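As structure tokens, the structure follows; a few thoughts come after it.
The values are calculated or read from the model by the stated rules, or taken from the named source; none is laboratory data. These numbers were taken from a predicted model, which means no experiment stands behind them. With ideal geometry, Cβ positions are generated from the backbone for all residues, glycine too; neighbour counts draw on all protein chains shown. These area figures cover heavy atoms from the full protein model, side chains too; ligands, DNA and RNA do not enter into them. Shrake-Rupley method; radii C 1.70, N 1.55, O 1.52, S 1.80 Å.
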Amino acid sequence: MKIFLVPVDFSDVSYTAAQYAIDMAGHLRARNVIFYHSYANRPADGFEEREGYRLSTLRHLEKMAAKLRVPATLSEDGFVFLSDDKPVGLGVKAIVDQYAVSLIVMGIAGLSDIENTLIGHNTLAVAEAGVAPLLIVPRDCRFKPIHYVVYATDLRDVQRITPVKSILQLISRLAASLHVVHVDPATRGQTPGKLKSKNELIGMLSVVDPVFEVVGEARDKADGIFEYVKANQIDLILMASRNYGFFERLFHSSVSKKLLNIADVPVVLLKNNAVG
């Protein structure tokens, strides 16, 4: 994981995400951290005004980075500052393509106002685009070495959907233990199809000897996942990016809002291709 991308809107939430990103980048000995701001929502004007605004936002990015605590294992010479007037999804995609970004790091503003804040809109837009692995940092979350990681699965079409290479590379880079959890209050994972998918999934991830658990006592999937996280001291949650719809619903369920408002565990949405 050599290239980190941090889209920011200069809010406190994006500062938190940026600090988490550079701490993690230092821990993993990353080469570059890219700070990016999209000013697509600014009213249209002439070229000179747009260019002046671009330069102004670049200065703001540099000032923001100067306020962050930089770990000794990360060089500020590797910081890159980018700004443009593209919609954030398109801007992020262009940067990912140009720089071969390994991981995007963004924040969330709080579950009660996710739809009403710029950083919330932008995070969900980047999540939906799925152009690279996306790490979503909760409010007030601080980086710490990651020892236990959980991959949440619905046990559907696991051969095609599971981002095996990304999971294995991330576990290897973090030197972490992998748990796999399936939440199923109805059948507790005991249908023939789910038992078959479980065996396939364990086989695909066997090199890291994952712990597989089925959560049967839960009101819904989000409740089950986060109860498991709390009970097993999980530091990071992984999900396949095709589960974006489920992830989005986490922000609209009253139960999930209650759980996520007290959770301090980041979530990574993974693509099927390797992390890099």
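Brief remarks on what is shown
- Here is the figure for the stretch 130-155: residues that are farther than 20 Å from residue 228 by Cα and touching a Lys or Arg at 6+ places or on another chain (Cβ under 8 Å) total 4.
- Scanning the stretch 31-56 for residues that are at pLDDT below 95 and surrounded by 22 or more Cβ atoms within 10 Å (Cβ to Cβ) yields 37, 38.
- Qualifying residue in the stretch 221-234 (condition: modelled with pLDDT under 70 and buried (at least 17 other Cβ atoms within 10 Å of the Cβ)): no
- Tally, over the stretch 166-189, of residues that are of a type in the set (D, E, K, R) and at pLDDT 90 or above: 1
- Condition met for residue 93 (open to solvent by 10 Å² or more (accessible area, probe 1.4 Å) and closer than 25 Å to residue 127 by Cβ): yes
- Residue match in the stretch 16-29 (condition: at pLDDT below 95, in contact with a Cys (Cβ under 7 Å, 6 or more places away or on another chain) and open to solvent by less than 70 Å² (accessible area, probe 1.4 Å)): yes
- The set of residues from the stretch 99-121 being closer than 15 Å to residue 35 by Cβ and modelled with pLDDT of 75 or more comprises 99, 101, 103, 104, 105, 106, 107.
- Selection from the stretch 58-70 of residues that are surrounded by 15 or more Cβ atoms within 10 Å (Cβ to Cβ) and of a type outside the set (Gly, Ala, Ser): 58, 60, 61, 64, 68, 70
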